[in-house]
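The values are calculated or read from the model by the stated rules, or taken from the named source; none is laboratory data. These numbers come from a predicted model, not from an experiment. Backbone-built Cβ (ideal geometry, glycine too); neighbour counts: all protein chains shown.
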Amino acid sequence: MMNRFEFVHDNYAGINFEHNIGNGIFRLFPKLKFRQFWTAKALWGSLSDKNKALNFKDGNTFQTLDGKTYLEMGTGIDNILRVFRVDLVWRLLPSRLPKSTTEHFGVFGSFRLSF
């Protein structure tokens, strides 16, 4: 849910956590063999004063977290036809300015091949 080049940092740390619940609510439909999961992603970062002076001049729209937390959480369905996955992701922190309700939620699809 983070836009490309939305935040710039000198130093950063991030964590990505995913927990597979298993059948979850899909145990009611055992033939589907879907798996339910949830995810959490967090990021912290800072930018030196020299780089702030360089990156925030001339109307650049970069931002820095500077001690704040970037957080998004999601849930989804895995093992759709054994290769597809659908993620539903919400951006929780920080809120965007100007506030927009449509940019806090995203639906993503992916596939995985195993041999």
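Can you tell me which of Leu71, Leu65, Leu54, Leu32 is surrounded by 12 or more Cβ atoms within 10 Å (Cβ to Cβ) and either in a strand (DSSP E or B) or in contact (Cβ under 8 Å) with a residue 60 or more places away in the chain (or both)?
On inspection, the qualifying residue turns out to be Leu71.
So which residues in region 74-94 are within 19 Å of the chain's Cα centre (by Cα) and without any contact (Cβ under 8 Å) to a residue 40 or more places away in the chain?
Gly74, Thr75, Phe84, Arg85, Val86, Leu88, Leu92, Leu93, Pro94, listed by residue number.
So which of Arg91, Arg85 ends up being touching a Lys or Arg at 6+ places or on another chain (Cβ under 9 Å), surrounded by 12 or more Cβ atoms within 10 Å (Cβ to Cβ) and either over 23 Å from Leu113 (Cα atoms) or of a type in the set (D, E, K, R) (or both)?
Sole residue among the options that is touching a Lys or Arg at 6+ places or on another chain (Cβ under 9 Å), surrounded by 12 or more Cβ atoms within 10 Å (Cβ to Cβ) and either over 23 Å from Leu113 (Cα atoms) or of a type in the set (D, E, K, R) (or both): Arg85.
Within region 35-51, restricting attention to residues that are among the aliphatic types (A, V, I, L, M) and part of a strand (DSSP E or B), which residue is farthest from Leu92 (Cα to Cα)?
Leu43
Restricting attention to region 18-25, does a residue exist that is closer than 25 Å to Glu103 by Cβ, out of contact with any Cys (no Cβ under 8 Å at 6 or more places or on another chain) and modelled with pLDDT under 90? Full working, then the answer.
Kept after step one, since they are closer than 25 Å to Glu103 by Cβ, are these residues of region 18-25: 18.
If we keep only those that are out of contact with any Cys (no Cβ under 8 Å at 6 or more places or on another chain) too, we end up with 18.
With modelled with pLDDT under 90 added as a condition, the list becomes none.
No, region 18-25 contains no residue that is closer than 25 Å to Glu103 by Cβ, out of contact with any Cys (no Cβ under 8 Å at 6 or more places or on another chain) and modelled with pLDDT under 90.
Any residue at all in region 6-25 that's among the hydroxyl-bearing types (Ser, Thr, Tyr), closer than 30 Å to Leu54 by Cα and surrounded by 10 or more Cβ atoms within 10 Å (Cβ to Cβ)?
Yes; the residues of region 6-25 include at least one that is among the hydroxyl-bearing types (Ser, Thr, Tyr), closer than 30 Å to Leu54 by Cα and surrounded by 10 or more Cβ atoms within 10 Å (Cβ to Cβ).
Starting from residues that are hydrophobic (A, V, I, L, M, F, W, C) and within 17 Å of the chain's Cα centre (by Cα), keep the ones in region 46-73 and report whichever is modelled with the lowest pLDDT.
The selected residue is Leu65.
Any residue at all in region 28-38 that's in contact with an Asp or Glu (Cβ under 7 Å, 6 or more places away or on another chain), closer than 21 Å to Asn3 by Cβ and not charged (D, E, K, R)?
no
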